[in-house]
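Visitor: Below you will find the structure I want to go over with you.
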Amino acid sequence: MAGIDTPMVFENLRDTIEALLISFSTGRFQVKSEQVQSYGAEESEGTLRIVQVFYSDGDYNEARSTRKFSAHDCTFEINYIASEPSTADLSVINNPLSTPAELATAIAAATDGTRIVNKSIDTLRRMISQIILDPVNNQLGLPQINGKNQVANPRLTNFRKDQINDTGILATVTASERLTVRVQESFVGATPAVAVQPAIELTNEFNTLTDPDGADPAISGADITTSTP
Amino acid sequence: MDLRAHIANAGTKLSIEGNFGLPVILIDPDGVTYDTNEDGAQLKGQVLYDRDNELPESGDDLVVFEHRITLRKKALSRIPKAGEKWIVKYPLDSTDPSTLSTYFMSEKKAPIDGSSIGFITIFPGKLIQS
């Protein structure tokens with residue numbers, strides 16, 4: 001069970017999401033888990049486009065809580081950063097023997113970086129969607145416990161692409177979206193490892209939450225019963 | 001003396017092509033190459049390299065190198081216009097002016113045209129093999 005000095009499920013999930021994305025990143029993008037405040041456009045050029053993932057907010061769901069357990073609706077912010085140069089046939093443009101007609105054709109065929117980076121960020125979004133929402137990855141890297149899933153309802157929402165910036169030598173664009181999931185957290189705080197049997201035990205009509213590992217998510221409604229220890 | 005004409009030529013020539021001028025080669029949309037000024041000397045321009053840039057929507061501080069090439073209009077027999085594609089070659093290292101790199105003036109980045117005293121500033125972008 002999680003306590004004051006042991007990670008909670010959302011912390012483990014943060015690490016497994018990062019590891020999951022890294023496992024697919026080679027040659028496609030790079031993953032950063034920290035929030036970068038200042039960076040150079042060349043750091044995200046081409047297939048070095050950046051995916052930043054970090055736990056950004058969450059709510060303990062009061063309706064799905066007991067004293068020791070709570071559903072935790074987690075939100076992970078996913079930020080995308082991409083940069084691209086323009087492209088052209090440099091074998092013609094840099095060839096001193098090229099004729100004006102050949103140069104004109106090569107220049108006319110040159111593609112501006114804003115067009116390329118616009119597609120690059122769409123591609124990146126496609127990649128992340130395919131990884132996160134693949135049913136095979138529905139636990140986002142977290143193992144089952146006693147045959148029960150730890151993650152419920154992974155959803156990608158609120159994708160938003162920002163305005164393309166082309167004032168520099170590279171065209172750049174950022175985008176963001178949110179990954180929301182529900183997990184179950186447990187709370188023992190700073191109490192010792194050996195739990196003391198409570199005099200009052202919270203039960204509900206569907207689950208008796210006495211097994212902290214692998215218990216089903218709490219269902220709303222709880223009855224208080226007393227028992228003689 | 002027409003002071004404006006004087007500034008547009010002699011004054012701008014000194015400030016742009018003087019000791020800080022670097023060699024520039026332009027190729028226009030018709031494939032015509034311009035590497036000399038009106039006097040037949042090497043075409044030179046003022047080349048500036050660095051600038052911080054901030055993405056207004058994300059609020060992050062994104063550093064993007066912004067190259068600015070300022071040329072005298074009188075030195076050019078054809079002036080780059082907004083909406084045109086040009087090739088621009090210039091040194092990336094001001095201490096090695098003989099080595100030129102190839103950059104691209106996109107049709108999407110209009111040049112700043114200093115009509116009152118005769119200069120034009122273009123903003124090339126990085127260019128790689130397609």
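Each value in this text was obtained by applying a stated rule to the coordinates, not by laboratory testing. Computed from a prediction, not measured in an experiment: that's the story for all the values here. All Cβ positions, even for glycine, are placed from backbone atoms using ideal geometry, and neighbour counts span all protein chains on display.
Visitor: Would you mind getting the Kirkwood hydrodynamic radius of segment A:58-133 from its Cα pairs, rounded to one decimal in Å?
Guide: Details: mean 1/r = 0.0587 Å⁻¹.
Evaluated over segment A:58-133, this radius sits at 17.0 Å.
Visitor: Still on this model: Would you mind calculating the relative contact order of chain B from Cα pairs under 8 angstrom and at least 6 residues apart, reporting the percent as a whole number? Walk me through the numbers on the way to the answer.
Guide: Numbers: 254 pairs, mean separation 32.5, N = 130.
Once divided by the residue count of chain B, the mean separation gives 25 percent.
Visitor: Name the GluC sites (Glu not before Pro) in segment A:27-84 that are in a loop by DSSP and that have at most 16 other C-beta atoms within 10 Å, would you? Walk me through the numbers on the way to the answer.
Guide: Numbers: sites: A:E34, A:E42, A:E43, A:E45, A:E62, A:E77; in loops: A:E34.
Of the GluC sites (Glu not before Pro), the ones in loops of segment A:27-84 whose Cβ has at most 16 other Cβ atoms within 10 Å are A:E34.
Visitor: What is the diffusion coefficient of segment A:38-181 in µm²/s, taking the Kirkwood radius over Cα pairs and the Stokes-Einstein relation at 10 °C with a viscosity of 1.306 mPa s? Walk me through the intermediate numbers first.
Guide: On the way: Rh = 18.4 Å.
The diffusion coefficient I find is 87 µm²/s.
Visitor: Once both labels are modelled 7 Å past Cα along the beta-carbon direction, what's the A:T6-A:N149 spacing in nm?
Guide: 2.5 nm
Visitor: A further question on this structure: Between A:A19 and A:R115, take the C-beta separation as r, use R0 = 35 Å, and let me know the FRET efficiency to the nearest 0.05. Don't jump to the answer; show the numbers that get you there.
Guide: Values: r = 34 Å, r/R0 = 0.96.
Calculated value: 0.55.
Visitor: Using 0.36 nm times the number of residues separating B:N19 and B:Q129, minus their current alpha carbon distance, what extension gain do you get? Write out the running numbers ahead of the final one.
Guide: Working: separation 110, 0.36 × 110 = 39.60 nm, distance 3.32 nm.
Working it through step by step, the gained length comes to 36.3 nm.
Visitor: Here is a follow-up. What is the distance, in nm, between label points placed 7 Å from the Cα along the Cα-to-Cβ direction at B:I112 and at B:D96?
Guide: The modelled label-to-label distance comes out at 2.9 nm.
Visitor: Can you put B:Y90, B:Y34 in order, fewest other beta carbons within 10 Å first?
Guide: Numbers: B:Y90 23, B:Y34 18.
Listed from fewest to most nearby Cβ atoms, that is B:Y34, B:Y90.
Visitor: Mind scanning A:K161/B:K85; A:K68/A:K148; A:K161/B:K81; B:K13/B:K108; B:K13/B:K85; A:K119/B:K89 and naming the pairs with a C-alpha gap bigger than 23 Å? The partial results should precede the final answer.
Guide: Details: A:K161/B:K85 27 Å; A:K68/A:K148 18 Å; A:K161/B:K81 30 Å; B:K13/B:K108 28 Å; B:K13/B:K85 25 Å; A:K119/B:K89 27 Å.
From A:K161/B:K85; A:K68/A:K148; A:K161/B:K81; B:K13/B:K108; B:K13/B:K85; A:K119/B:K89, over 23 Å: A:K161/B:K85; A:K161/B:K81; B:K13/B:K108; B:K13/B:K85; A:K119/B:K89.
Visitor: Further question on the same structure: Provide the FRET efficiency to the nearest 0.05 for the A:L156-B:L3 pair, computing r from the beta carbons and using R0 = 45 Å. Working shown, then result.
Guide: On the way: r = 63 Å, r/R0 = 1.41.
Plugging the Cβ-Cβ distance into 1/(1 + (r/R0)^6) gives 0.10.
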